[in-house]
Every structure is written in C-alpha cells, then in structure tokens.
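Below: one structure, written as structure tokens.
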Amino acid sequence: MPLQFAANLSDMIEDEPLPVTLGDEKIALYLLDGEVYATHNVCTHQYALLSDGYVEDGCVECPLHQGKFDIRTGAAMCSPVTQPIRVFTVQVDGNAILVDI
C-alpha cells in the first residue's frame, strides 16, 4: 500500500500528539525534536487513546493507567503495559506528512 497523507507538518506541535485515522487504523502523530513519528493510537493494555496522553522524554504515557511507550520504537517502558505498540514509517514531503500503514 502506498504512503498515505496523514496531516500537514504545520498542524504539528512539539510534544503534542495528533490523532488521525487512516482507513481503519487509529494513528497518533508526534513531533519530537523536529522529527515526525507515527504509532498506533490505542494502548495495548486497555482501550485508551494515546493521543490523549502525556508526552515526555520521547515517551507517551497512556491516560488510563500511566503505562509508557517509546514513541520511536513502540517499546513498552513500564507496567502495566507489557506489549509494544505498532510504529509506522513516516515521510515528510514539504508540508505533507505521509504514513506507511
């Protein structure tokens, strides 16, 4: 499947997740140190949108039970989360953020 337009770079705010839906996928976009990242937007522990969470030190904290995921790798960083979240390849083309889902 080709890269899909997800958002405009100008819509992104550093350390503020941006929720988007691409097809059936709930995605969260992040701007960290000038780089754009994309992860699945649903916590692997219980259903909660990570885009409603808090971003700090390259991690997103789930708003439900405070589990943390590494935004760059998807790794589960602390309990209660044990399963990683999916990460997606991102390409920035001018102002367009494109995601490979």
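A few remarks follow.
- Inter-residue pairs, beta-carbon under 6 Å, first at positive phi and in the stretch 5-16, second part of a loop (DSSP other than H, G, I, E, B) and surrounded by 12 or more Cβ atoms within 10 Å (Cβ to Cβ), 6+ apart: none
- Taken together, 36, 81 contain a single residue that is under 23 Å from residue 3 (Cβ atoms) and of a type outside the set (D, E, K, R), which is 36.
- The criterion of being open to solvent by less than 50 Å² (accessible area, probe 1.4 Å) and not in a loop (DSSP other than H, G, I, E, B) holds for residue 60.
For every residue, the table says whether it meets (1) among the basic types (Lys, Arg); (2) at pLDDT below 95; (3) outside any strand (DSSP E or B).
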residue: 1; (1), (2), (3): no, yes, yes
residue: 21; (1), (2), (3): no, no, no
residue: 38; (1), (2), (3): no, no, no
residue: 72; (1), (2), (3): yes, no, yes
residue: 89; (1), (2), (3): no, no, no
residue: 92; (1), (2), (3): no, no, no
residue: 99; (1), (2), (3): no, no, no
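- All positions within the stretch 71-88 that are open to solvent by 70 Å² or more (accessible area, probe 1.4 Å) and touching a residue at least 24 places away in the same chain (Cβ under 8 Å): 72, 82, 83, 84, 86
- Filter pass, residue 96 being surrounded by fewer than 16 Cβ atoms within 10 Å (Cβ to Cβ) and either closer than 15 Å to residue 39 by Cβ or basic (Lys, Arg) (or both): no
The values are calculated or read from the model by the stated rules, or taken from the named source; none is laboratory data. Only a predicted model underlies this, so the values are computations on that prediction, with no experimental measurement involved. In this analysis, Cβ positions are derived from the backbone assuming ideal geometry, glycine residues included, and neighbour counts consider all displayed protein chains. Just the protein is used for accessible areas: all its heavy atoms, side chains included, with ligands, DNA and RNA removed. Shrake-Rupley method; radii C 1.70, N 1.55, O 1.52, S 1.80 Å.
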